[in-house]
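Comments concern the structure below.
The values are calculated or read from the model by the stated rules, or taken from the named source; none is laboratory data. If you're wondering where the values come from, they're calculated on a predicted model, not measured in any experiment. Counting neighbours? That spans all protein chains shown, and the Cβs are built from the backbone with ideal geometry, glycine included.
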Amino acid sequence: MSELGPMDIHEILQYLPHRYPILLIDRVLSIKANERIVALKNVSINEPFFPGHYPHHPVMPGVLIVEAIAQAAAILSFKSGQERADSKSVYYFVGIDGARFKKPVSPGDQLHLDVSLIAKRRGLWKFAGKATVDGVLAAEAEIMCTMRSA
């Protein structure tokens, strides 16, 4: 498989339709087509969810950590197929299995997202994703995604 990374934010914006405040990938460190992606999310106190989750002890919502894993998986899918997100297609979640949250993610943390392709069949992609902070597992999940016409 060919090495396709790294990617800066300018290239990421060409592959993901997401924009602020839901864009959760800041940099891609490496991609191996049809195999694996390693990406980063820098967690800042300026994130729009922190004032309400929780004001006295800010923690990144687990669903957003899983969303970051899914966004990394989407980049892997698009780059593996030499495609880009456009106004005619949407990349959907179709399943989340085994989601576990092991460590809170706080402002100032750098979330390392390591996502591997498990299977690809009939338009469905299955991935195993892990999110770590300083080498410590924060969350993990298996996700399934598909691309559909908008």
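The table that follows gives values for the structure above.
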{"item": "Any pair with Cβ under 9 angstrom, 6 or more apart, that starts in segment 32-59 at a residue that is without any contact (Cβ under 8 Å) to a residue 24 or more places away in the chain and closer than 13 Å to P21 by Cα and ends at one that is exposed (fewer than 12 other Cβ atoms within 10 Å of the Cβ) and of a type in the set (G, A, S)", "result": "none"}
{"item": "Qualifying residue in segment 64-75 (condition: surrounded by 18 or more Cβ atoms within 10 Å (Cβ to Cβ) and farther than 29 Å from K120 by Cα)", "result": "no"}
{"item": "Residue count, segment 31-55 (criterion: within 16 Å of Q71 (Cβ to Cβ) and not in a loop (DSSP other than H, G, I, E, B))", "result": "8"}
{"item": "Scope segment 7-30; condition at pLDDT 95 or above, touching a Leu at 6+ places or on another chain (Cβ under 8 Å) and in a loop (DSSP other than H, G, I, E, B); matching residues", "result": "L23, L24, I25, D26"}
{"item": "Search result, residues across segment 96-130 that are modelled with pLDDT of 95 or more, out of contact with any Lys or Arg (no Cβ under 8 Å at 6 or more places or on another chain) and small (G, A, S)", "result": "G98, A99, S106, G108, A128, G129"}
{"item": "Segment 75-91: number of residues that are hydroxyl-bearing (S, T, Y) and under 12 Å from A33 (Cβ atoms)", "result": "2"}
{"item": "Qualifying position, being loosely packed, with under 12 Cβ neighbours inside 10 Å and over 19 Å from K102 (Cα atoms), among D8, D26", "result": "D8"}
{"item": "Hits in segment 43-62 (condition: under 17 Å from the mean Cα position of the chain (by Cα) and exposed (fewer than 12 other Cβ atoms within 10 Å of the Cβ))", "result": "S44"}
{"item": "Elements of type strands (runs of 3 or more DSSP E) contained in segment 83-142, each with 2 or more residues being among the small types (G, A, S) and surrounded by 12 or more Cβ atoms within 10 Å (Cβ to Cβ)", "result": "89-101, 124-133"}
{"item": "Close pairs from segment 7-28: first farther than 18 Å from I69 by Cβ, partner at pLDDT 95 or above and part of a helix (DSSP H, G or I), Cβ under 6 Å, at least 6 apart", "result": "none"}
